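For reference, the structure discussed in these notes is given below.
What follows is calculated from the coordinates using simple rules that are stated; it is not laboratory data. Source: prediction; values computed, not measured. A quick note on method: Cβ atoms are made from the backbone with ideal geometry, for glycine too, and the neighbour counts reach across all protein chains shown.
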């Protein structure tokens, strides 16, 4: 065979392999970064909103969007609806005639620290905070007119100043007033926005609640589908005739730190804790954060097992375990008997430290009236809820 022809064939085959490798690598790169922090922005979904930035006023109408920054003031008009899309993929919807100031908005690339602080001066907001926060992180909504602060750790809740209430939809909301009194709202609880010690059982804005519940359902369904695709792509080979090629590419990429997520999620999906050596804290916790807002209950339990095994290697390991315990409690409450062994171990261990039992912990947390929790359960209740 002519040497030139042979050389050309080799070049063509090599080019095809290089292109195929690049395309497969890019597919993994996209999956790894699919849930990275985003540039925060305001989107107008209905009628009109304004962003006031110093002396500049940015007027927007449906369906415009614009990036937001710290100390922006967001103002909605009558019959308007606008959405703040936070850097960590959480969101806050503003109803008509609302005024919200973004005071702090900082999110680490690996979600190791999240700080979202805003002040609501008028109107109403509905927030879906999609991550159970890492230690030292905070999400707070301030009500400057009455000195109330609402702190959340992975929660759906609403503040409605028009109807004068604060309402927890999912998980808990920690409230404090200007003189330091504390109240924890469990799912379904609502209190007066002007006096957090006054419970409210009726007079909620049902139309607003229904509309936001439907929007949340759509958003979370899409988010779950995207994360499921990401998890499947990173944790398993493709199978079929492309399996060998896929395994080869994964093996090559395993030598590069930027592709740690492939090994991390492979270990999580296999459940083989003996393979956890060398997993980095940042990578493990980053992906645990991503799956907080989804229906990945079993996967979260597997993540907890890995983190428990690595706790001595982790910076702030005890704080992280406490945060995991809080998440484990919520999953155990809603898992309907699913065998969440790592979550159960965390709760058993923490319950023993406070002199209570796992059953009393769960039943206490499910209680709408926190005042009925036993003295033994109170310590763990307050610690976990906040």
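Taking only Cα atoms, what is the 0 to 90° angle, nearest 10, from helix 375-385's long axis to the longest principal axis of the chain? Helix 375-385 sits roughly 60 degrees off the main axis of the chain.
Considering the chain as a Gaussian network with a 10 Å cut-off on Cα pairs, which listed residue, 347, 116, 222, attains the greatest mean-square fluctuation? Ranking 347, 116, 222 by mean-square fluctuation puts 222 first. The slack between residue 352 and residue 270, meaning 0.36 nm per residue of separation minus the straight C-alpha distance, is 26.5 nm. Here r is the Cβ-Cβ distance between residue 79 and residue 57 and R0 is 22 Å; the resulting FRET efficiency, rounded to 0.05, is 0.65. The angle between the Cα long axis of helix 317-334 and the main principal axis of the chain comes to about 80°, on a 0 to 90 degree scale. With a 10 Å cut-off between alpha carbons and a GNM built on the chain, which of 156, 183, 173 moves the most? Top of the fluctuation ranking is 183. Stretched out straight at 0.36 nm per residue, the stretch from residue 19 to residue 228 would grow longer than its current Cα-Cα span by 72.6 nm. Helix 297-310 against the longest principal axis of the chain: what's the angle in degrees, Cα atoms only, rounded to the nearest 10? Rounded to the nearest ten degrees, it is 80. Helical content of the chain, expressed as a calculated mean residue ellipticity at 222 nm, amounts to -13500 deg cm²/dmol (DSSP H runs of 4 or more residues, -39,500 (n - 2.57) each, divided by residue number, nearest 500). Subtracting the Cα-Cα distance of residue 69 and residue 214 from 0.36 nm times their residue separation leaves 49.4 nm of extension gain.
Distance from the Cα centre of region 180-252 to that of region 1-56, in angstrom? That distance is 26 Å. Residues considered: 189, 110, 79. Largest GNM mean-square fluctuation over the chain, using C-alpha springs under 10 Å, is found at 79. Cβ-Cβ distance of residue 145 and residue 345, R₀ of 56 Å, FRET efficiency by 1/(1 + (r/R0)^6): the value works out to about 0.80. From least to most packed, judged by other beta carbons within 10 angstrom and beginning with the fewest, 86, 245 follow the order 245, 86.
With R₀ fixed at 45 Å, the C-beta to C-beta distance from residue 6 to residue 247 puts the FRET efficiency at about 0.95.
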